Amino acid sequence: MPAGTPPDVSAAVATGLAYVGVTTGWYQRCDQLACRAYGYANSGYVSARTHWLAMLATGHAHPSDPCPPLGSFVFFDTGRPDGHVSLVVQADPGRCDPNAIQVTANEVFDGATGNHGGVYEIAFGRLNRMYLGGHGYLGWSDPVCAGALLPAGAALAAAAGR
């Protein structure tokens, strides 16, 4: 973790990474997965798309900004109604190389692994290329969720329980 990383971001990144390798349970639940890293039971939004629209409306969105910071949420238009959101678990400040920035994502390798709702770590650039021919990235937002909070430590315990 880079020096000076706020404790809530450090904890969220650790929690998000703890879910990598889970093989089931996160099918079509990307928004919940992103907010789970910050200790929420759910995101409080109907979909990643409605979450993004709320971030735009409240000034938390950074449309088309190619350099998402550590712990932020990155949003994508997938060509389907709900869209996609991922948690940034490795940033690349200064260079903003999309292949150096890492995110967690559900389902992206399920076809190759036989998983159903698995959680993976993937390069931001590679994930973007999966959506609308590399033109699906909408931008990043501050990690704002509107769902119910879990009891302290429950999000990490759930990941450990795989």
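Bear in mind these aren't lab numbers, they're just calculated from the coordinates by the rules spelled out. These numbers were taken from a predicted model, which means no experiment stands behind them. Quick reminder, even Gly has a Cβ in these numbers, built from the backbone with ideal geometry, and neighbours come from all protein chains shown.
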Task: Qualifying positions in the range 52-85 - under 21 Å from GLU121 (Cβ atoms) and not aliphatic (A, V, I, L, M) - done: PRO66, CYS67, PRO68, PRO69, GLY71, SER72, PHE73, PHE75, PHE76, THR78, GLY83, HIS84
Task: Failed condition for ALA11, given (1) of a type in the set (Gly, Ala, Ser); (2) touching a helix residue (DSSP H, G or I) at 6+ places or on another chain (Cβ under 7 Å); (3) more than 18 Å from ASP82 (Cβ to Cβ) - done: (2)
Open item on the list: Looking at the range 113-131, I want the residues that are among the β-branched types (Val, Ile, Thr) and have a partner that is in a helix (DSSP H, G or I) with Cβ atoms under 8 Å, at least 6 apart or on another chain. Which pairs are those?
Closed with: VAL119/TYR19; VAL119/LEU33
TODO: Check whether at least one residue in the range 93-101 is under 17 Å from TYR27 (Cα atoms) and surrounded by 22 or more Cβ atoms within 10 Å (Cβ to Cβ), and report yes or no.
DONE: no
Task: Selection within the range 6-40 - farther than 17 Å from GLY117 by Cβ and crowded, with 16+ Cβ neighbours inside 10 Å - done: VAL9, ALA11, ALA12, VAL13, THR15, LEU17, TYR38, GLY39, TYR40
Open item on the list: Looking at ALA159, ALA123, can you tell me which residue is surrounded by fewer than 18 Cβ atoms within 10 Å (Cβ to Cβ) and hydrophobic (A, V, I, L, M, F, W, C)?
Closed with: ALA123
